[in-house]
Every structure is written in C-alpha cells, then in structure tokens.
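For reference, the structure is listed below as structure tokens.
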Amino acid sequence: MTQPAKKMIRIGSRGSRLALAQSELVKRLLVAAHPDLDDQEVEIVVISTKGDRILDRPLAEIGGKGLFTEEIEAQLMDGSIDLAVHSLKDMPTALPAGLELIAMLEREDPRDAFLSDKASQLTDLPTGAVVGTASLRRQAQVRALRPDLKVVTFRGNVQTRLDKLKRGEVDATLLALAGLKRLGLAHLAQEILDPAVMLPAAAQGIITIEARSDNADIRARLAPLDHRASHLCALAERALLATLDGSCRTPIAALATLDGERLHLTAKVLSPAGDVSHAVTCDGPTSDAAAIGAAAGRNLLRLAGADFFAALKAM
C-alpha cells in the first residue's frame, strides 16, 4: 500500500544571510526534537519584505518595525507558510489578530559589538570620526558617550554594513554580537560593549517563532524549542516596550536577566541627541515578568515626563 505523502512544514524567512542562518537553526532544532521529521519535510521559504527592499531611508520614515514582518505575516495568515522565524527585537509589540509568538529560542549574547579599523574600542576613536548605525538607540548612546563623534544613519543587512565599513564609508559601526556569532563573524568585533556602557535593544539576541494561534500541530511541534528563561526575559522587555509605545522613533534600551526565580530589568530611554536620558531598574519574581516590564515602563513615563515622549512622537 502506498503511504500518504507527509505534509511539509514551511518556514517563512527573510532572505538575508543572518535570517537564513536563523531559519536553518530552527529547522535543525525541529528535526532534532521530532524523530518523525527529516530535513526533506521542512522547507525554508524566502520572503522579501519592504524593509529589505528600501535601504535609502531610516526605518522611522517608512513605517518602523512592521516593515520586516508584514509580507511574512500575510503568508502566515493565508496558510502559504506554517511558521515564521524572526529576530525578536524587530517585532512590533502588537501582532495581527490570529498570530502569536509561540516559542523563543535560547538567547544568544545580547551585547553590542564595536567594529572599526581605526580604533580598537569606541573610546579610542579620534574626534570627528564617523560612526554609522541605523539604530536610534545606538545613535543616542554613542552621542551620549562621545558627543565629539559624527553619527550617521547606516542601513543594510550585516554583510552590507560590513562591506560599507571596509570601503571606508564610515570609520566604525555597531552590530549585535548575536548576529555576528550566528554568522561565524564574532572575530570581527574589536570591542564587546558592556551593557553598562551600551544597553542593548529590548529582546536583542532572541530568535522568536511566529505561527497561527489556532495551528495546534505547529504549536506542539514548537513546544520543545521554547527556552523558558529567554521567554521570561522577552516578556518583561516587550511589556516595557508596549507600555512606552516603543517604536523605531524612540531610543529605548532594555535588558532583563534572571537570578534563580528572580528577574532583574534595567531600562533606559534617551533623546535622539543623547543629551537627555532616564534609566530605571525593577525586579521581582519570574512569575511577574510582564508586570515587571510594565512597571519599569510606567516608572520611565513618570521620570521622563509627558513632554519628553511628546517631543519624540513629534519628530
């Protein structure tokens, strides 16, 4: 008797080297977690997003984080793909109805890396040196640390930015260490910046997997891939963003860490110029992860004041 063909599991992914490396990782983990699956039954579907296609303008000018997810989520909703792999820091806090972030992989190192052939660390760059980064969070923190530097918008995937750096378009750039590690390029980092100096983006270093809420089979498949500690940290950091209504126009930094069953969250909001910043810390039991993030957000709202956030939204 002929056996019925097994149903393919289709993973939606952006087409950059980093996105594909992350999707390949998810594929390997899925196959390893389920003996009934093999490589031939899990397919990676490359989907071009608006954020990948428009590289000549800052994200905040063309729509923000959703630019990297809209086309992928459309295919999730119409059933063209079964799950999608994302860098969690790129995900909006509000998802389309019917979609859910089902699993968070174990967090890679969340710190930022400094890359330059002009200096071995950020503090050693000469006055007037040009630092390129598309992240308002990084721009603001560099300006706060080194107001003598020139900071310019610097977009593109990891390899594009590395190529621009090599051509001398800027003197230095900052990239997520997690992405460099996943690409086997961590050796390019001259300096790994301590979070006390450069606080990371909320959810930096975490790969998340999105699927339809009603897809019970995929939910079951993804359950073994969910890393509890990383998920708890993500809950706190994303609750902070949601409370602050964080967007690509808002320089927000946050990092949650666990100590046993206690969660500690450090969060900061800055002006784009880096001349004004406000920071808070909150902690509590891991069972209150989302509440800790929301409390940190409320504390920042009170500390910074309504005028601070109104000015950011008006930019």
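Couple of notes before you dig in:
- Top of Ser13, Ser120, Ser230 by mean-square fluctuation, Gaussian network on the chain, Cα under 10 Å: Ser120
- The amide H of Asp112, built 1.01 Å from its N in the peptide plane, has Leu177, Leu193 as neighbours under 5 Å, considering only residues 5 or more places off or on other chains.
- Under 5 Å from the amide H of Arg14 lie the amide H atoms of Ile47, each residue being 5 or more positions distant or on a separate chain, with H modelled from the backbone and absent for Pro and chain starts.
- Cα gyration tensor category, rounded, prolate or oblate, for the stretch 227-315 with a/c compared to 1.5: prolate
- Note on the chain: antiparallel DSSP beta bridges, both residues inside, total approximately 75 percent of the bridges counted.
- Dipole of the stretch 227-315 computed with +1 at Lys/Arg Cβ and -1 at Asp/Glu Cβ about the Cα centre; of Gly297, Leu232, Ala273, farthest Cα towards the positive end is Ala273.
- About the Cα centre, charge dipole magnitude for the stretch 227-315 (Lys/Arg +1, Asp/Glu -1 at Cβ), debye: 180
- Summed over all non-identical Cα pairs, the Kirkwood treatment of the stretch 268-308 gives a radius of 11.1 Å.
- Under 16 Å from the Lys7 label point (7 Å along Cα→beta-carbon), backbone N, the stretch 205-223: 211-223
- Between helix 136-145 and the chain: long-axis angle, C-alpha atoms, 0 to 90°, nearest 10: 30
- The radius of gyration of the Cα set in the stretch 112-193, together with its Dmax, comes out at 11.4, 33 angstrom.
- Residues in the stretch 266-277 carry Karplus couplings, in order, of 10, 9, 8, 10, 10, 6, x, 6, x, 7, 10, 8 Hz; the curve used is 6.51 cos²θ - 1.76 cosθ + 1.60 with θ = phi - 60°, and Gly or Pro positions show x.
- Once the Cα atoms are used to define both axes, helix 17-33 deviates from the longest principal axis of the chain by about 40 degrees.
- For the chain, relative contact order (Cα pairs under 8 Å, six or more residues apart, normalised by length) works out to 20 percent.
- Within the chain: Cβ-based charge dipole about Cα centre, in debye rounded to nearest 20 (Lys, Arg +1; Asp, Glu -1): 660
- For Val151, the residues whose amide H sits under 5 Å from its own are Val131, ignoring neighbours fewer than 5 places away on the same chain, with H placed 1.01 Å from N.
- Against the chain, whose longest principal axis is taken from its Cα atoms, helix 289-304 shows a tilt of about 20°.
- Cα-only radius of gyration and Dmax that characterise the chain, units Å: 19.8, 76
Every number here is computed from the coordinates shown, using simple stated rules; none is lab data. Computed from a predicted structure; not experimentally measured. Cβ sites come from the backbone with ideal geometry, for glycine too, and all protein chains shown count toward neighbours.
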